[in-house]
């Protein structure tokens with residue numbers, strides 16, 4: 001396991017901006033969205049072998065928790081997870097800048113500002129989607145972070161909020177924030193209702209408006225624009241890539257992770273994908289599980305991220321039941337039961353993958 005804790009004595013001057021690197025992620029056309037309670041380090045570690053090139057985002061982490069709360073364990077990750085970007089929540093420019101500096105020292109490749117989450121807890125902290133109404137302040141936040149780090153700083157936002165939901169509103173937000181120095185925008189193509197809808201409803205109820213994200217890219221071709229929301233397959237992703245620079249996939253990455261097994265060839269142009277069958281992939285996870293269990297972790301913290309691996313297969317239910325039966329154990333001996341479960345699926349699995 002890689003030790004990613006920063007040197008506590010390492011600090012940098014804050015008075016001048018550092019030389020900026022090119023936006024590496026302009027060459028990353030596919031990413032997995034930051035999702036609370038889902039895209040933790042265990043998700044990223046267990047799914048990384050499926051796709052070597054797709055960019056993974058962390059869950060949103062509150063900058064205050066990093067800087068003032070000292071919860072650096074939230075930032076720890078294994079080098080094998082790369083490429084991985086950090087999503088931060090917050091509204092104080094100095095705190096965000098310091099949290100970003102710590103993340104850069106740890107090896108994160110991008111800082112992404114959350115300007116899209118509509119949950120009540122986030123709103124009480126004055127960050128997330130409500131800041132779409134304050135583009136000038138978001139610009140100040142971007143500048144503060146850019147003065148402390150060399151890695152790209154990006155903004156993930158909604159198509160609009162409440163009654164500030166017309167295309168011109170979104171374009172104005174982007175214009176103000178880009179004038180402050182941000183060149184990369186990830187747009188969740190649904191508006192958010194800050195009151196009256198739960199976060200889950202805000203992911204489903206407001207209609208998708210990907211055409212407005214496409215229009216934004218057409219009218220601001222110098223900016224890097226990604227679209228997000230309701231994208232379930234790589235075919236859909238390729239269709240969007242005719243209009244934008246990148247596609248971010250959210251819930252489908254968790255519900256149907258096997259779609260990423262062909263991402264390297266279909267999206268990134270690789271000559272060969274890492275695995276032809278789920279069987280091959282699962283056999284490579286045994287070592288990951290063995291290391292995980294040897295550190296006293298429960299099987300469930302890794303295994304839950306594989307529940308959707310057999311989505312669409314006749315044996316999907318048996319797979320989920322088998323994983324659930326192993327879930328609470330932290331005994332390394334459970335790995336033998338996991339191997340037996342995988343072996344029991346092989347014949348049906350081979351037929352499904354060959355179909």
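No lab work stands behind these numbers, since they all come straight from the coordinates. All figures in this text were calculated on a predicted structure; none of them were measured in a lab. Because the Cβ atoms are built from the backbone with ideal geometry, glycine has one as well, and the counts that use them run over all protein chains shown.
Below is a table of values for the structure above.
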quantity: For the chain, share of DSSP beta bridges that run antiparallel, in % to the nearest 5; calculated: 5 percent
quantity: Globularity index of region 225-296, i.e. its alpha-carbon radius of gyration over 2.2 N^0.38 Å; calculated: 1.35
quantity: Sorted by Cβ density within 10 Å, fewest first, the residues 127, 281; calculated: 281, 127
quantity: Cα-projected label distance for residue 162 with residue 68, points at 7 Å along beta-carbon direction, nm; calculated: 2.4 nm
quantity: Length gained when the stretch residue 126-residue 295 is fully extended (0.36 nm per residue, less Cα-Cα span); calculated: 57.1 nm
quantity: Per-selection Rg to Rh, region 197-322 - Cα, Kirkwood hydrodynamic radius; calculated: 1.04
quantity: Residue 150-residue 270 FRET efficiency (beta carbon distance; Förster radius 35 Å; 0.05 resolution); calculated: 0.80
quantity: Helical contribution to [θ] at 222 nm, DSSP H n ≥ 4, -39,500 (n - 2.57), averaged over the chain, rounded to 500; calculated: -11500 deg cm²/dmol
quantity: Largest-first ellipsoid semi-axes for the chain, taking √(5λ) over the Cα gyration tensor eigenvalues, angstrom; calculated: 34, 24, 19
